[in-house]
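These notes concern the structure reproduced below.
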Amino acid sequence: MDRFVLRLDKAIEKINDADFVVIGAGAGLSTAAGIEYAGKRFTDNFADFIEKYSMRDMYSSGFYPFKTSEEKWAYWARHINVNRFGVGETDVYQKLLKLVENKDYFVLTTNVEHQFWINGFEDERIFATQGDYGLLQCSEACHDKLYDDEELIKEMVEKTVDCKIPSDLVPKCPVCGAEMETNLRKDNLFVEDEKWHEARQRYMDFINKIGDKNVVFLEIGVGFNTPVIIRYPFEQMTHDSPNATLIRLNKDYAGAIKENESKTISFDENVEEILDYWISRVL
């Protein structure tokens, strides 16, 4: 039996035996699900922006220094529509749900495409720390209310001409009049509303009940853009919990830290193939 299968079997045994499963999901999970920010998916959806601004991919384009709000929102409306409202259910997220749906699980994610909700994970078991493409906030954070943006985003996309939206569609804060922006954590003005704080508390309560029970920290696609949110805490909790196992799926950074080598099972192989194997053996 090859080493890959041995690792797969060891990991699913730990998952089956776990009292708790804590999922830590980064950008690599959404990439594995087909929500890619480069390549054909980018060129098919952003040909006009590529021609006008020489854009290379959706990630770097998010930092483009647009000269006007009309241009900025034309890009961001397209970006949000493609990644948040145009994707629907995905096989990889569906398979991940099938793996844990009968376990006591919780999801901590830095992803902002709303995929956990779209694919049927329970709302009270999800903490999305970095925001959501489907929400707007005041750019000055003058108040902590968030606003659904789907209707506005779709209107912006429909009325985009020459990579610009009409000026009257640029969203303004109903309280202070400043321009609105997408609820994404990028600075100290990120709005954490009541729902955000409630989700954070549910996550902390979940972690606090683990104690010396069997727990699997299932980390998928978490790199080093924001390692202090998932990667480093998962390593610390694995080290501190006597009956913890860290299962790390990461194409580029699958390795364990020295202190956790005996408690970590690492995979740099295809995420969907791994999930297929596991759900065929889940109890």
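Numbers for the structure displayed
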item	result
Helices (runs of 4 or more DSSP H) enclosed by segment 143-254 - at least 2 residues per element that are among the hydroxyl-bearing types (Ser, Thr, Tyr)	231-240
Residue count, segment 163-192 (criterion: charged (D, E, K, R), out of contact with any strand residue (DSSP E or B) (no Cβ under 8 Å at 6 or more places or on another chain) and touching a residue at least 12 places away in the same chain (Cβ under 8 Å))	2
In segment 127-142, the residues that are part of a strand (DSSP E or B) and on the phi < 0 side of the Ramachandran plot	PHE127, ALA128, ASP132, TYR133, GLY134, LEU135, LEU136, GLN137, CYS138
Failed condition for LYS209, given (1) out of contact with any His (no Cβ under 7 Å at 6 or more places or on another chain); (2) more than 30 Å from PHE267 (Cβ to Cβ)	(2)
Inter-residue pairs, beta-carbon under 7 Å, first assigned to a helix (DSSP H, G or I) and in segment 255-275, second of a type in the set (Asp, Glu), 6+ apart	ASN260/GLU235; GLU272/ASP91
Residue in segment 109-116 that is surrounded by fewer than 18 Cβ atoms within 10 Å (Cβ to Cβ) and not basic (Lys, Arg) present	no
Boolean, ASP252 is under 30 Å from VAL100 (Cα atoms) and surrounded by fewer than 18 Cβ atoms within 10 Å (Cβ to Cβ)	yes
Residue list for segment 228-242, restricted to those being crowded, with 16+ Cβ neighbours inside 10 Å and not hydroxyl-bearing (Ser, Thr, Tyr)	ILE229, ILE230, ARG231, PRO233, PHE234, GLU235, MET237
Members of segment 99-124 found to be under 14 Å from the mean Cα position of the chain (by Cα) and of a type in the set (D, E, K, R), listed by number	GLU113
Residue under evaluation SER60, criteria (1) surrounded by 14 or more Cβ atoms within 10 Å (Cβ to Cβ); (2) of a type in the set (S, T, N, Q); (3) free of Cβ contacts under 8 Å to residues at least 60 places away in the same chain, criterion not met	(1)
Pairs with Cβ under 6 Å, 6+ apart, first in segment 1-30 and over 18 Å from VAL112 (Cα atoms) and assigned by TED's automatic domain parsing to the domain that holds TYR203, second part of a loop (DSSP other than H, G, I, E, B) and β-branched (Val, Ile, Thr)	PHE20/ILE210
Complete set of residues in segment 54-92 that are under 19 Å from PRO166 (Cα atoms) and either among the small types (Gly, Ala, Ser) or in contact with a helix residue (DSSP H, G or I) (Cβ under 8 Å, 6 or more places away or on another chain) (or both)	PHE66, SER69, GLU70, TRP73, ALA74, TYR75, ALA77, ARG78, HIS79, ILE80, ASN81
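Here is a yes/no grid of residues against (1) hydrophobic (A, V, I, L, M, F, W, C); (2) modelled with pLDDT under 95; (3) outside the structural domain of ASP48 (by TED's automatic domain parsing); (4) over 21 Å from ARG84 (Cβ atoms):
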| residue | (1), (2), (3), (4) |
| --- | --- |
| GLU140 | no, no, no, yes |
| GLU150 | no, no, no, no |
| GLU155 | no, no, no, no |
| CYS176 | yes, no, no, yes |
| GLY211 | no, no, yes, yes |
| VAL215 | yes, no, yes, yes |
| ILE220 | yes, no, yes, no |
| ASN225 | no, yes, yes, no |
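The values are calculated or read from the model by the stated rules, or taken from the named source; none is laboratory data. This is a predicted model, so every value here is computed, not measured. Note that each Cβ is placed from the backbone with ideal geometry, even for glycine, and that neighbours are counted across all protein chains shown.
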